[in-house]
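Each reported figure results from applying straightforward, stated rules to the coordinates on display, with no laboratory input. Just so it is clear, the model here is predicted, and its values are computed rather than measured. Cβ placement follows ideal geometry from the backbone for every residue including glycine, while neighbour counts extend to all protein chains displayed.
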There are 2 protein chains.
Amino acid sequence: METIEKWKRYELTLKGSTDGNPFRDVELTATFNINNHPVTVDGFYDGNGIYKVRYMPESIGNYTVITHSNISELDGKTASFEVTEASHDNHGPVRVSGKTHFAYADGSRYIPFGTTAYAWTVQPKKVQEETLATLKENKFNKIRMLVFPKSYSYNEEEPELYPFEGFLRYKRGANDWIFNAKETGFDYTRPNPKYFRNLENNIEKLDKLGIEADLILFSPYDRWGFARMGLENNLEYLKYIIARLASYKNVWWALANEYDLMDLVGQIPVKDWDEIGRFVHEKDPSQHLESIHNFYDPPQHKDTVKNWYDHTKPWITHLSIQSDNIFLIPKWIEEYQKPVVDDECRYEGNIEFGWGDNTAKGMMDNFWRVILRGGGCTHGETYIDKPRTKRPIWWAHGGKLYGESQKKINFLYNLLKENGFDWVKPQATSGPTWELAVGSTPDEKKWIVYIGENQPEFEILSFLPKGKKYSAKLINAWDETIEEFDQEVQNDKYIHLPRKNYQALLLTEK
Amino acid sequence: METIEKWKRYELTLKGSTDGNPFRDVELTATFNINNHPVTVDGFYDGNGIYKVRYMPESIGNYTVITHSNISELDGKTASFEVTEASHDNHGPVRVSGKTHFAYADGSRYIPFGTTAYAWTVQPKKVQEETLATLKENKFNKIRMLVFPKSYSYNEEEPELYPFEGFLRYKRGANDWIFNAKETGFDYTRPNPKYFRNLENNIEKLDKLGIEADLILFSPYDRWGFARMGLENNLEYLKYIIARLASYKNVWWALANEYDLMDLVGQIPVKDWDEIGRFVHEKDPSQHLESIHNFYDPPQHKDTVKNWYDHTKPWITHLSIQSDNIFLIPKWIEEYQKPVVDDECRYEGNIEFGWGDNTAKGMMDNFWRVILRGGGCTHGETYIDKPRTKRPIWWAHGGKLYGESQKKINFLYNLLKENGFDWVKPQATSGPTWELAVGSTPDEKKWIVYIGENQPEFEILSFLPKGKKYSAKLINAWDETIEEFDQEVQNDKYIHLPRKNYQALLLTEK
């Protein structure tokens, strides 16, 4: 009998008819059963008369499979397989744990250290390989990426493959990167299996690197019509992609990048998202994380109508936000009782856009502040040689990193890991310590006090629990150094600090 | 006939009874009349049988004065004086102009460039003189200062004089800087004229330097009971101080520093402020600016109950806020349709408190951002040698400045003045330019685009009006340099910038 590890993918392959439009005409599901707990999942058409059903088993033991179809060749097929314990480096999917943070399904620690390369899987093969090599060198454990190709400044090349059959009928105008692409020549009822195979192979490679694919299902940055397929086609596309990808343990469903912009430009209306969100939640047999991401940052905008999507909806597992107001992270965690990931807090780069001209120090500073305030954080890099350059830019294409913030982010990642931060409990988030970012281990035995660009030469950490004594290490986040700090730390005791930028203290209760 | 300049102070001195408590028992007012426009103002007792009535005339021509009193020695006294045109450097009081900004009464430009030395007038004479000398060397045109002495960390010395008769009956405890000082030995019904003469002499000296006295009438930082006098005594004290000081053209009424803390610690309840605010507004014959200042910064606090005072009250002329959320300044200006002064946005220093450990660069950066977003901004400096040091610290005592931000603030002040910014019209306050601070002259002929710590090597200033062309100067805010910039600027044209920190562009329409 076939054996697979828990949380890996079981795949059943069947041959069937190629008549009509198999993507829409053929119904195929399969019921997976273990200990009388049946789960029914959708299959999908993979082209050339090949049909597949995939499933990520989560229990140890013997599963049986039986298919159901409206065509006899695919109906009533049976199979069985055995699921064995997960191997050492297989921790399962990331799930919400303890309401406001994350963990792998096996209970091991997961704090989101994201990066962003929206359209890396539709770049030339060499760039895809470079992207994976860059990821391997760094500690990012999540990447924001699109299913569809991207149309935007610096994203003007056509992909080699399209996600649907057809061709680009219209020539792009100079400024219509958000294109009114209603009739572009694509047949949204016929996905292109080759396109999705490339996507899923890359997701599999990410999993081997221990990286979650925060997969963005819709985006406004479109000139092919994929943002304007209409609700019925959208749901059929979602059914297809869930059938293909829900068995990949490292997939997260990010419904949209900037859903609010999609409404604004007449693509997907705000009212559709609840149905879309519930559909994904109900179709996915593996309970992947699900989020919806904003363009407008309410605290910043005069127009308070531009609010976030209602993150209290039950199908939203965590907040995936775009915001520069990172001191509010603990407030949002408390308010929503869900994990908060600041997926766009300005990228390191020198591009002409405000979201992409932060310094390496600024990107690093945001990471420390978001992470210590209990959130997840996401990196991006936008260095250009000249305006409208054609060379790969990490934020969109992947490729190589030219900046420095990733090294500092790796340093923070290692610091938290080596000091047993399973998650970060935000501390001292208001009042007299507004300039600090302070987080502790859940048991409050270890604390990190990030001072950042401020210059207190004297500090009194009055937010620490009374009566406790701490030994300390002095960290420099930019220099990536950790030194002994020879002063004992208590909540009512003055400490003296060198006047340097980007310092932090790591405290360990004595 | 006595002549005085418009907006200078007319003073009538009378001899009267010293029986009983002249501060409370004697009623004295005077009616000032010009062209059948009578204004009645309160007089005050200045000790030793001397009573005074003061008034700041605002019209050219002959005024008559007649007194009214419940004691015959002071009743029905008459005088007259002539008011002449204001001399060159006398611009009158600062008033709200065009709803959302300020100007002097003669129409000349005023943008608040504040500093803070809360208790400078109760320091030893030498420190008071040093404070004035420091102010003379810099461009600050407003200073936040208390009427009363201050009790707080680093503010532990007793003043030489007290504002009321009496003595400090209780010895201060180690931690009770907000002292439950109900019975401290002071007689709140008997102001100490000597104390107030010193205060007003200093206000007069500030006026000679062109500096507005943003005079804080109540503060929670008290161990003498002055924060707990009760509503009746509070109003009598206000009547007294208005009678003494309303004729000083450079006085602003700042009702409280951190009114919300005063409620929290049981000093002045929130409900009293409306009566206090209206009382000041009604008693003051000269319509000085009036504000009320917060401790809690609502966007930052989890506890959203800690809101600002209701700045829509008609007696509030402008917002005097404490906030680090300086990108919200244009939103607040629009929302309240009043000028906004960020009077505490973190001081340059190395003290143990989060509000006072910003770098010089950070303080400078906040100034540029607040001012270009249309607000007024206030500096403070908190350098200490060691915890609990006794030497003067500018923020509290005045004295000398040891930092660097004041030089950069002077540079910005001169830049705006020399380029005809009568006030700053905030521009491009949201959307793709969130990392910039952009302001223009009211006629939009000149713009300043502040890039700050960001590093766009390429920019496209798409927020500029279409079709306009600008010549530009490249500014470095930290280096205090202004250079020619040889690229023409238009809203759709890429420009190239050196990758340096703290740059700005000054644009002039061609």
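Is the shape of region A:425-509 best called rounded, prolate or oblate, per the rule: a/c under 1.5 gives rounded, else a/b larger than b/c gives prolate, else oblate, with a ≥ b ≥ c the square roots of the Cα gyration tensor eigenvalues?
Rounded, because the longest to shortest axis ratio a/c is under 1.5.
Given +1 at the Cβ of Lys and Arg, -1 at the Cβ of Asp and Glu and no other charges, the dipole of region B:203-287 around its Cα centre is 320 debye to the nearest 20. Positive-end ranking of B:423, B:406, B:393 along the dipole of region B:384-441, with charges on Cβ about the Cα centre, is headed by B:393. Take each residue in A:346-353, count the other chain C-beta atoms within 10 Å of its C-beta, and the mean is 5.
Per residue of A:378-388, other chain Cβ atoms within 10 Å of the residue Cβ number 2 on average.
For a straight C-alpha distance cut-off of 17 angstrom, the aspartates and glutamates reachable from residue B:8 (same-chain residues fewer than eight places away being disregarded) are B:58, B:82, B:85, B:89, B:106, B:200, B:204, B:207, B:212, B:284.
Ranked by the mean number of other Cβ atoms within 10 Å of their residues, highest first, the peptides A:320-328, A:155-163, B:312-320 fall in the order A:320-328, B:312-320, A:155-163.
Ranked by the mean number of other Cβ atoms within 10 Å per residue, highest first, peptides B:280-290, A:75-85, A:383-393, A:364-374 order as A:364-374, B:280-290, A:383-393, A:75-85.
Two-decimal Rg/Rh of region B:94-418 from alpha-carbon positions, Kirkwood Rh? Ratio of gyration radius to Kirkwood radius: 0.93. The loop-placed chymotrypsin sites (Phe, Trp or Tyr not before Pro) in region B:100-170, going by DSSP, that have at most 13 neighbouring Cβ atoms within 10 Å of their Cβ come out as B:167. Legend: translational diffusion of region A:298-414 by Stokes-Einstein, Rh = Kirkwood radius over C-alpha pairs, 25 °C, 0.890 mPa s; D = 160 µm²/s.
In a reduced charge model with +1 at each Lys and Arg Cβ and -1 at each Asp and Glu Cβ, chain A shows a dipole moment near 420 debye about its Cα centre.
Once Rh is set to the Kirkwood radius over Cα pairs, what Stokes-Einstein translational diffusion coefficient, in µm²/s, holds for the protein assembly as shown at a temperature of 4 °C and a viscosity of 1.567 mPa s? Please report the intermediate quantities before stating the final value.
On the way: Rh = 32.0 Å.
This corresponds to a translational diffusion coefficient of 40 µm²/s.
Distances between copies at residue B:204, taken between label points 7 Å from Cα along the C-beta direction, are 8.9 nm in increasing order.
Using every alpha carbon pair in region B:1-152, what percent of pairs falls into each 10 Å bin from 0 up to the bin containing the largest distance? Each 10 Å bin holds this share of Cα pairs: 10, 26, 29, 29, 7, 0.
With the cut-off at 20 Å, tell me which of the pairs A:313/A:338; B:425/B:466; A:473/B:390 have Cα atoms farther apart than that.
On the way: A:313/A:338 11 Å; B:425/B:466 18 Å; A:473/B:390 30 Å.
Over 20 Å Cα-Cα: A:473/B:390.
For region B:2-84, the convex hull spanned by the alpha carbon atoms encloses 79 Å³ per residue. Per residue of peptide B:450-457, the mean number of Cβ atoms on other chains within 10 Å of the residue Cβ is 6.
What is the magnitude of the charge dipole of the protein assembly as shown about its Cα centre, with +1 placed on the Cβ of each Lys and Arg, -1 on the Cβ of each Asp and Glu, and no other charges, expressed in debye to the nearest 20? Kindly include the intermediate steps, with their values, before the conclusion.
Details: 126 positive and 150 negative charges, 169 e Å.
In total the dipole reaches around 820 debye.
Based on Cα contacts under 8 Å between residues 6+ apart, chain B shows a relative contact order of 12 percent.
Only helices enter the 222 nm calculation for chain A: every DSSP H run of n ≥ 4 contributes -39,500 (n - 2.57), and dividing by all residues gives -6000 deg cm²/dmol, rounded to 500. Measuring nothing but how far apart in sequence close Cα pairs (under 8 Å, 6+ apart) lie, relative to its length, region B:425-509 scores a relative contact order of 34 percent. Sequence-distant contacts, meaning Cα pairs under 8 Å at least 6 residues apart, place the relative contact order of region B:43-113 at 18 percent.
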